[in-house]
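Got a structure for you, written out below as structure tokens; questions coming shortly.
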Amino acid sequence: MRSGNTKKLALCGVLAALAVAVMFLGSSLSVATIASAVLASMVLIPVYAECGAGWGMLWFAAVAALAMLLTPQKETAFLFLFFGDYPVLRRYLSRIRPRVLQWGAKLLYVNAATAAAYGLMLYVFKLSELTAEFAEMKHWMLAVSLLLANVCFVLYDRLLPRLEVLYAVRLRPKLKL
């Protein structure tokens with residue numbers, strides 16, 4: 001194995017451990033379920049900045065598998081499975097022109113991924129806590145929750161390029177990779 005690949009593998013391994021730890025701790029607190037999956041996905045920024053999109057997707061797959069095995073609350077792992085690759089995917093979706101189509105594609109992605117993630121959790125894997133939580137909710141509350149999820153996604157999408165710049169300017173020179 002070449003030295004460059006060894007460094008990439010070490011970086012990916014350490015950052016994968018960090019992402020899984022964030023999801024493990026976040027899933028221990030019921031209020032941090034979604035936030036921990038989002039924070040873990042942000043750990044992908046240094047991976048694809050240093051190693052490229054291929055290594056980034058490999059990192060994502062490894063972290064998703066580990067999260068499914070290790071997190072106590074599986075909702076966090078499922079959300080990461082469906083949204084954790086967004087920092088890499090965002091680069092490709094941001095190339096779509098005009099911007100109206102770009103935002104349409106991004107919002108289509110987030111809504112389809114949300115429907116698929118919760119559909120799997122509720123109907124295929126039948127997560128009992130989540131099923132009970134959704135049974136208590138009214139339909140209008142679910143619609144408001146989806147609307148708020150879209151607003152949060154737009155904020156997340158606007159935050160990612162700023163985090164990429166922060167990493168490139170402040171953190172990357174200190175890491176000396």
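Kindly state, as a whole number, the per residue volume in cubic angstrom of the convex hull around the alpha carbon atoms of the range 42-96.
70
Output ³J(HN,Hα) for the range 126-143: one whole-Hz value per residue in order, computed from phi by the Karplus curve 6.51 cos²θ - 1.76 cosθ + 1.60 with θ = phi - 60°, and x for Gly and Pro.
With the stated coefficients, the range 126-143 comes to 6, 5, 4, 5, 5, 4, 5, 5, 6, 5, 6, 7, 7, 4, 5, 5, 5, 5 Hz.
Can you report the principal axis dimensions of the range 84-177 using only the alpha carbons, biggest first, rounded to whole angstrom?
49, 34, 21
I want the local charge near Glu164. Using Cβ-Cβ distances under 14 Å, sum +1 for each Lys or Arg and -1 for each Asp or Glu among the other residues.
Every neighbour counted, the sum reads +4.
Equivalent ellipsoid semi-axes for the range 10-70, as square roots of 5 times the alpha carbon gyration tensor eigenvalues: give them largest first, rounded to whole Å.
21, 11, 9
Here's a follow-up. Bin width 5 Å, alpha-carbon pairs only: give the P(r) of the range 113-153 as whole percents, running from 0 to the bin holding the largest distance.
6, 21, 25, 29, 16, 3
Provide the packing ranking of 83-90, 30-37, 121-128, i.e. peptides ordered by the mean count of other C-beta atoms within 10 Å per residue, highest first.
Descending mean neighbour count gives 83-90, 30-37, 121-128.
Then there is this: Would you mind computing Rg(Cα) / (2.2 N^0.38 Å) for the range 95-134, counting N as its residues?
That ratio works out to 1.63.
Quick one: P(r) of the range 69-132 from all Cα-Cα pairs, 5 Å bins, percents rounded to integers, in order of increasing distance.
4, 17, 22, 20, 13, 11, 8, 5, 1
Could you sort 161-169, 107-115, 19-27 so that the peptide with the highest average Cβ count within 10 Å comes first and the rest follow in order?
In descending order of packing, they fall as 19-27, 107-115, 161-169.
When the gyration tensor of the range 7-110 is built from Cα positions, what are the square roots of 5 times its three eigenvalues, in whole Å, from largest to smallest?
Square roots of five times the eigenvalues give 24, 18, 9 Å.
Give me the net charge of Lys106's neighbourhood, meaning all other residues with Cβ under 15 Å from the Cβ of Lys106; Lys, Arg count +1, Asp, Glu -1.
+4
On to the next question. Could you quote the convex hull projected area for the chain, Cα atoms only and averaged over all directions, in nm²?
Computed as one quarter of the Cα hull surface, the answer is 11.3 nm².
Next up: Rounded to the nearest 500 deg cm²/dmol, what is the calculated helix-only ellipticity per residue at 222 nm for the chain, with -39500 (n - 2.57) per DSSP H run of length n ≥ 4?
Roughly -26000 deg cm²/dmol at 222 nm, from the helical runs in the chain.
No value in this document is a laboratory result; all are computed from the given coordinates. What you see is a predicted model; the values in this text were computed from it and never measured. A quick note on method: Cβ atoms are made from the backbone with ideal geometry, for glycine too, and the neighbour counts reach across all protein chains shown.
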